[in-house]
Amino acid sequence: MKHLFNKQISLGLVLGGISMLNVQAVQAASSFNSFAELTYTITGITNLSSPGVSEEVLGSSLFAGPTFELAVFPDSYVDVTGDGLASVGSPGNAGLQLGSAFRFSTSGSVGNGQVDSSHLGWFSLDFANNTADTYEINVKLDYLLDAGVGGDFAHSSVSIDYFNNDYTFSGYSSIEAGTLPLALTATQSGSSGIFSFTLAPNATELLYADVRITGNLAASPVPLPAAVWMFLAGLMGVLGLNKRKAVTQL
């Protein structure tokens, strides 16, 4: 019974030592999860050709439609080694609505290897006046940028660059998060303010917002110090010694 007890203690210590290796491997993993949320809102429409006439309802005659397109290589790319993973979440076009937030996100993780991810999303809001009247339209863009990382080595950035055809409406903002010396999370909300423009008969106006999200990760299993390996080897020797003693005494 005494030998069995000693073997159980030794086995527990060995398993505990092995668990140390597992813990260190988990600590070495790196990840990022970042996104941008955009909301286009029309705050006013005025008929300049017929003052006092009720506002035109957006439809087939006076049209405003948001769209999204994910850029392809080389504007967007993913390069992974080892067990690295990366994914993209985009709103598509079916769910885009004026006044509602739409999200573009990317994420990645790695336990042993590297991840280099960079994705560009093209948002746009297209206006077209197919009527005989001239309109004044007020619109604004609200946005939320969020970057988050964790692990051994990680960095992520989110930027937005918005503008119209002739750059009378424009702005830029960016954030970044990372392991030291940066913070692991970064968040920023902003607004373009009200942008007013005149839309003549058969005219168009295009508003753009380019969002770029990057993520760079690196991780590798952490080797155990030599002293720990000697400790584990010693424990294995204790197990063998107990076994030999038990055999001798039989």
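The values are calculated or read from the model by the stated rules, or taken from the named source; none is laboratory data. Treat the numbers as computed from the prediction; the structure is a model and nothing was measured. Positions of Cβ are generated from backbone atoms using ideal geometry, with glycine treated the same way; all protein chains shown enter the neighbour counts.
Counting residues in the stretch 43-56 that are at pLDDT 95 or above, over 25 Å from Ala209 (Cα atoms) and in the same structural domain as Thr187 (by TED's automatic domain parsing) gives zero. Would it be correct to say that Asn165 is modelled with pLDDT under 95 and assigned by TED's automatic domain parsing to the domain that holds Gly111? Yes; evaluated as a whole, the condition is true for this residue. Checking every residue in the stretch 157-176 against the condition of being assigned to a strand (DSSP E or B), in contact (Cβ under 8 Å) with a residue 40 or more places away in the chain, under 30 Å from Phe63 (Cβ atoms) and among the polar types (S, T, N, Q) gives at least one match. Screening the stretch 131-142 for residues that are over 11 Å from Thr41 (Cα atoms) and not aliphatic (A, V, I, L, M) and picking the one that is farthest from the chain's Cα centre (by Cα) gives Asp133.
Just one of the listed residues (Val211, Val247, Val238) is at pLDDT 95 or above and either of a type in the set (Val, Ile, Thr) or not assigned by TED's automatic domain parsing to the domain that holds Gly121 (or both), and it is Val211. Here the strands (runs of 3 or more DSSP E) wholly within the stretch 68-147 that include at least 2 residues being surrounded by fewer than 16 Cβ atoms within 10 Å (Cβ to Cβ) and assigned by TED's automatic domain parsing to the domain that holds Val211 are 77-82, 85-89, 113-129.
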